[in-house]
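Quick notes on the structure that follows.
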Amino acid sequence: MSEIDLQIATAFDPFAEANAEDSGAGSKEYVHIRIQQRNGRKSLTTVQGLKKEFSYNKILKDLKKEFCCNGSLVQDPELGQVIQLQGDQRKNVSAFLVQVIILHTRYTIRLPFLRFCF
């Protein structure tokens, strides 16, 4: 019997570029600004993903003063600290973060259906 050399082709991974460390996909930091519908017209705006070096209490205090709404800090075991504001404040919060905080650092703000990169 003769020996047959079998070469098994390696599987092609179409998502290898997206998973690569140097592609930039995993190196970005995201600030997620979301809205949660409560009941009727009532809603909550949540902000998460800010760096831990920022003072969440001061940011919350300034957001509440700027937009005349109530808000709170929630400690989540998976997501960390989350800022909650009353009402739909997505555009206001993103503009505020760009003006005050994010001018000096590189962030991507993710809104549903919108993406701002600064």
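Here is how the numbers come out for the structure above:
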{"item": "Those lysines that a straight Cα-Cα span of less than 22 Å connects to K51, excepting residues fewer than 8 apart in one chain", "result": "K28, K61, K64, K65, K91"}
{"item": "Per-residue ³J(HN,Hα) for the stretch 40-48, Karplus 6.51 cos²θ - 1.76 cosθ + 1.60, θ = phi - 60°, Hz, x for Gly and Pro", "result": "x, 9, 7, 8, 10, 9, 10, 10, 9"}
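Here, each number is a calculation from the coordinates, and none is a lab measurement. All of these numbers come straight from a predicted model, not from anything done at the bench.
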